Amino acid sequence: MTIFLLKSLLSLLLLGLAALGMYTMFEVFGREAPAGRAALLRRRHRVSGWAYVLLFVIISYLCIGFLAASRTEPSPRATLHILLSLAIIALVIIKVLALRRYRQFYAMARTIGIALGVLTVALVGLSAGVHLTVTRFGQDRAADRSASYALRGPFLAVRQVAAPGPAAIRTDRRSIERGQAFFAARCAACHDPGSARRVVGPGLQGLLRNPVLPVSGHRATAESIRFQLRQPLKGMPSFAYLSEDEMDDLIAYLNTL
């Protein structure tokens with residue numbers, strides 16, 4: 001399990017705790033419950049709140065550890081993720097102060113609780129929601145930037161375990177033969193595999209030995225081909241329906257040209 005997949009699953013649990021906290025809050029303040037039930041709801045709200053804080057700290061620790069280990073600049077989405085996290089931390093601190101020390105602000109706790117729920121939905125949607133969708137619930141490791149890192153040691157420190165970079169290209173005979181059969185059936189009408197001559201699309205001789213791909217100008221790597229198959233340029237049809245194995249087989253064949 002990759003770090004991002006673990007973080008995403010924990011984030012779904014965080015969302016569940018936020019939902020439980022919102023539910024118990026609305027039940028206590030939104031309707032007149034018997035004293036015994038109200039006391040039970042308050043205890044559940046308190047327990048879910050502390051569990052939320054603990055889980056939030058764990059998820060933040062994983063995120064900070066990955067950021068420190070990978071030494072990468074946060075993407076715009078990650079930056080928004082960070083801002084939402086900081087807003088949640090600030091609201092949790094304000095809510096605790098209002099409940100424990102500055103009781104004159106007790107009424108604000110309800111509004112802060114609603115804000116925490118809304119921000120949690122946004123935070124989990126931008127992080128876990130996007131990641132689980134893009135990686136097909138963790139099945140596509142090529143789309144997971146944390147796949148080259150792992151948790152090590154008693155304190156779950158993030159360590160690089162493989163060099164981030166191009167995924168390995170299959171070289172076994174059966175993969176190449178399957179890729180060749182697919183190319184002959186779906187691609188040969190538009191691309192000449194034995195030369196650089198243009199048919200409908202460009203010829204593909206030496207495709208992965210050239211510095212860049214024809215038409216797109218992207219670096220000639222397996223990842224670039226995979227991206228172009230999913231999001232083609234100009235008149236090329238999309239092959240986004242291909243499975244990962246089928247794409248790997250096709251790239252294995254293209255690597256022999």
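The values are calculated or read from the model by the stated rules, or taken from the named source; none is laboratory data. Since the structure is predicted, the reported quantities are computational estimates derived from the model, not experimental observations. All Cβ positions, even for glycine, are placed from backbone atoms using ideal geometry, and neighbour counts span all protein chains on display.
In the stretch 22-34, the residues that are at pLDDT 85 or above reach residues that are not in a helix (DSSP H, G or I) with C-beta atoms within less than 7 angstrom, at least six apart or across chains, in these pairs: E27/A33.
R226 fulfils the conditions (1) within 27 Å of the chain's Cα centre (by Cα); (2) more than 15 Å from F183 (Cα to Cα); (3) modelled with pLDDT under 85 except for a single criterion, (2). Taking the stretch 201-257, which residues are free of Cβ contacts under 8 Å to residues at least 24 places away in the same chain and assigned to a helix (DSSP H, G or I)? Passing the criteria: R209, S224, F227, Q228, L229, R230, D245, M247.
Return the total of residues in the stretch 167-191 being closer than 19 Å to T221 by Cα and either touching a Pro at 6+ places or on another chain (Cβ under 9 Å) or surrounded by 14 or more Cβ atoms within 10 Å (Cβ to Cβ) (or both). Break it down into steps so the answer makes sense when it comes.
From the stretch 167-191, those closer than 19 Å to T221 by Cα are 167-172, 175-176, 179-180, 183, 187, 191; that's our starting set.
Right, trim to either touching a Pro at 6+ places or on another chain (Cβ under 9 Å) or surrounded by 14 or more Cβ atoms within 10 Å (Cβ to Cβ) (or both) and you get 167, 169-170, 175-176, 179-180, 183, 187, 191.
Total satisfying the criteria: 10.
The lone criterion from (1) surrounded by fewer than 16 Cβ atoms within 10 Å (Cβ to Cβ); (2) farther than 28 Å from R136 by Cβ left unmet by H218 is number (2).
Within the stretch 191-218, the set of residues being within 16 Å of Q180 (Cβ to Cβ) and among the aliphatic types (A, V, I, L, M) comprises L204, L207, L208. Evaluation of R173 against the conditions (1) more than 19 Å from the chain's Cα centre (by Cα); (2) touching a residue at least 60 places away in the same chain (Cβ under 8 Å) shows that the sole unmet condition is (2). Can you pull out the residues in the stretch 199-215 that are surrounded by 12 or more Cβ atoms within 10 Å (Cβ to Cβ), out of contact with any Pro (no Cβ under 7 Å at 6 or more places or on another chain) and farther than 15 Å from L257 by Cβ? Correct list: V212 only. The requirement of being small (G, A, S) and over 17 Å from L116 (Cβ atoms) is fulfilled nowhere in the stretch 57-64; no residue meets it. Considered as a group, the residues in the stretch 145-174 that are in contact with a Leu (Cβ under 9 Å, 6 or more places away or on another chain) and at pLDDT 80 or above include one that is nearest to T72 (Cα to Cα), and that residue is S146. Restricted to the stretch 1-118, the set of helices (runs of 4 or more DSSP H) holding at least 3 residues that are among the polar types (S, T, N, Q) and either in the same structural domain as A147 (by TED's automatic domain parsing) or within 30 Å of Y149 (Cβ to Cβ) (or both) comprises 3-30, 35-70.
In the stretch 116-140, the residues that are closer than 22 Å to L17 by Cα form no Cβ pair under 6 Å with any partner that is in a helix (DSSP H, G or I) and acidic (D, E), whether six or more places apart or across chains. Considering the stretch 69-84, and only residues there that are of a type in the set (G, A, S) and out of contact with any strand residue (DSSP E or B) (no Cβ under 7 Å at 6 or more places or on another chain), the residue that is modelled with the highest pLDDT turns out to be A78.
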